[in-house]
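Taken together, the values in this text are just the output of simple stated rules run on the coordinates, not laboratory data. For clarity, every value in this text was computed on a predicted model and none was experimentally measured. All Cβ positions, even for glycine, are placed from backbone atoms using ideal geometry, and neighbour counts span all protein chains on display.
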Amino acid sequence: MKKIFLVIIILFISINIGYTQSVYVENALNFSKNEYGGTARFIGMGGAFGAIGGDFSSIAINPAGLGIYRSSEFVFSPGMSFNTNDAQYIGNSVNESNYALNLNNLGFVASYNLEDSDTRWVYFNFGVGFNRTVDLNNNLRFEGVNNNSLMEVFVNQANVDGYNPNDQTIDPLFLNGPYEYLLFSSGVIDTSGTVYFSDITDQVINDPDNFEIFQRKAIETEGSISEFNFSFSGNYAHRLYLGASVGIYRLRYEQFASHYEFETTNVPIVFTDGFDFREYSKTEGTGFNFKIGAIYKAFDFLRFGVSLHTPTFYSLTQEFNNSAIGYYDTANDFQPATSPVQTYEYELTTPWRYIGSVGFQVGKFALINVDYEYADYSAMKLDDEFNSQEVTVDNDDINSIYDKTHNLRAGAELRYGPLYFRGGGRYSTSPYKNNDNYDEFTIAGGLGYRTDKFFMDLAFSQSQYSYSMQAYEYEFNDAIANIDNKVNNYVLTFGFKF
């Protein structure tokens, strides 16, 4: 299935139990991708600005684009996104949506005219500001009646972990604290002789052919990645533009996931009616990178651009804890169980990026730009203070799962007096080695109004993204949730020249 989207969203991991791939491996990709958000003009042209420049957000692609400026400028861009998910799961349809208001961009450019100096450097420009590069907000829910239970996974794991080899007995203190031990503490898992069990798994064993249970999976995420950049660029004889920038990144990502199961009227479960297992995590941190670039005006109508982005070096801190709630036929002493908040500090290094661009300018009436970008996601690296074995395994997984990507962006702008009309698009190959049907497409458009001292731009984008996931991985679970995601983005930019 081809996946079509304008804004790259997060592929969500559900609960960790039953998954062979680390959540850190998945988040390495989530945190390394770049949507190149910013001004409405930039977004309306599909982010294709590598050889054109002259827009604050073009610094994100090629800092040499700052050299195109011939006046100082202040710009800011509020925005709104509307996100919907339509999920199909075991014959049930569920729709979830959410709004998010944000500030996409804020920037200032100072331009210095050097044409009266004894040098062929005719302008020197300095820029400072930020662009919102990744939106991590999303709500997802799917539900249906399944013929197996996540509790089977938990009980099987409890019988592996909860055994004391010293006296050859079961011991709940050996259970995995944030998972099976919580369910034991909340009464959903119990012991009998030398084994762990639950009323739910007993029901599966007693009547496997007729077993059924209602399941609901809900995942809510909030956060973003923003780049604060400090850039400078020079204009040499209106032919060669050189630029460099330092980017400081701020990352904030919160995820709440709930897996809820409850008995059906067709198959009541003795004593235990159901359970709710919840996971919460928050990741915050900062990173930095460097960019250098050049634009060469071969002719008045033709420009070439090249730029190089170093990896972003993140220092991240994750806090996480889980909780478990049991639901029962009668009142009892069992209380919801919550694990202590745990903290993990680690580093992430994203891939290098190489960008080549070509731009065309047709007088004062039209602009066309095409960018090619290369990034190798298999080169991402994780690390922590102890260089732990888990990190080594995760890095091996990154190398085996992810692949090189080839990204194309194209955009155009037409002028009619003070009015501007824009359109653009983007295509990216799959970042996964074993998923040839994974394609990323971008479409965008916008309008603008400009005078000598003021401008206002509007961009609208719509994304559609289809993918599949399981509520949990288990050898007897073949239930798949098919999810169609749609994101409408609106960005309005106000700018002042002086």
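List the trypsin sites (Lys or Arg not before Pro) within the stretch 344-449 that fall in a DSSP loop (any state other than H, G, I, E or B) and whose Cβ has at most 13 other Cβ atoms within 10 Å. Filter output for the stretch 344-449: K364. Less than 5 angstrom separates the built amide H of Y163 from those of D171, all sequence-distant by 5 or more or on a different chain. Going 7 Å from the Cα of N482 in the Cα-to-Cβ direction, what parts of the stretch 140-174 have a backbone nitrogen less than 20 Å from that spot? Counting only backbone N, you get 140-147. Kyte-Doolittle mean at least -1.0 and Cα extent at least 27 Å along the axis: which DSSP H helices of the chain qualify? Helices meeting the span and hydropathy rule in the chain: none at all.
Kindly provide the chymotrypsin sites (Phe, Trp or Tyr not before Pro) of the stretch 369-460 that DSSP labels as loop, not H, G, I, E or B, and whose Cβ sees at most 11 other Cβ atoms within 10 Å.
Details: sites: Y372, Y374, Y377, F386, Y402, Y416, Y420, F421, Y427, Y432, Y438, F441, Y449, F454, F455, F460; in loops: F386, Y438.
Here the sparse-neighbourhood loop sites are F386.
For the chain, averaging the sequence separation of C-alpha pairs within contact (under 8 Å, six or more residues apart) and dividing by the residue count gives a relative contact order of 21 percent.
The aspartates and glutamates within cross-link reach of K497, meaning a Cα-to-Cα straight distance under 15 Å and a gap of 8 or more places when in the same chain, are D55, E73, D452, D457. Proximity of backbone amide H atoms, modeled 1.01 Å from N, is registered between D403 and Y377, S378, Y432, K433 at under 5 Å, excluding neighbours fewer than 5 places apart on the same chain. Can you list the lysines whose alpha carbon is less than 18 Å from that of K291, not counting same-chain residues fewer than 8 positions off? Here the lysines satisfying the reach criterion relative to K291 are K33. Each residue in D300, D329, D371, D190 was given a count of other beta-carbon atoms within 10 angstrom of its own, and listing them fewest first yields D300, D329, D190, D371. Applying the Karplus relation 6.51 cos²θ - 1.76 cosθ + 1.60 with θ = phi - 60° to the stretch 172-187 yields 3J(HN,Hα) values of x, 5, 8, 5, 5, x, x, 10, 4, 5, 5, 5, 5, 5, 8, x Hz, where x marks Gly and Pro. Qualifying trypsin sites (Lys or Arg not before Pro) in the stretch 212-297, where qualification requires a DSSP coil assignment and no more than 14 other C-beta atoms within 10 Å, comprise R239. Treating r as the C-beta distance of Y416 and Y374 and R0 as 41 Å, the FRET efficiency rounds to 0.70.
Between Y490 and S468, the distance separating the two model label sites (each 7 Å from Cα on the Cα→Cβ line) works out to 3.6 nm.
How large is the helix-only mean residue ellipticity at 222 nm for the chain, computed as the sum of -39500 (n - 2.57) over DSSP H runs with n ≥ 4, divided by its residue count, in deg cm²/dmol to the nearest 500? My calculation for the chain gives -3000 deg cm²/dmol from helical runs alone. Taking the average, over residues, of other Cβ atoms within 10 Å as the packing measure, peptides 107-113, 242-248 rank 242-248, 107-113 from highest down. Scanning residues 5 or more positions from H238 or on other chains, those with amide H under 5 Å from its amide H are V122, with H placed 1.01 Å from N in the peptide plane. Length gained on full extension, T84 to F441, computed as 0.36 nm times the residue gap minus the Cα-Cα distance: 126.7 nm. What longest region of the chain stays clear of GluC sites (Glu not before Pro) that DSSP places outside H, G, I, E and B and that have at most 10 other Cβ atoms within 10 Å? The longest uninterrupted stretch comes out as 1-384.
The alpha carbon centroids of the stretch 308-326 and the stretch 433-498 are separated by 23 Å. Here the Karplus relation 6.51 cos²θ - 1.76 cosθ + 1.60, evaluated at θ = phi - 60°, turns the backbone of the stretch 220-228 into coupling constants of 10, 10, 9, x, 6, 10, 10, 10, 9 Hz, with x for every Gly and Pro.
Given 0.36 nm per residue, what is the gain on full extension from E254 to F290 after removing their alpha carbon distance, in nm? Let's see the in-between values first.
Details: separation 36, 0.36 × 36 = 12.96 nm, distance 2.70 nm.
Additional length available on full extension: 10.3 nm.
Distance from the Cα centroid of the stretch 272-302 to that of the stretch 349-388 is 12 Å (rounded to whole angstrom). Considering only I443, Y427, V362, the residue lying farthest towards the positive end of the dipole of the stretch 338-488 is V362, judged by Cα position with unit charges set on Cβ.
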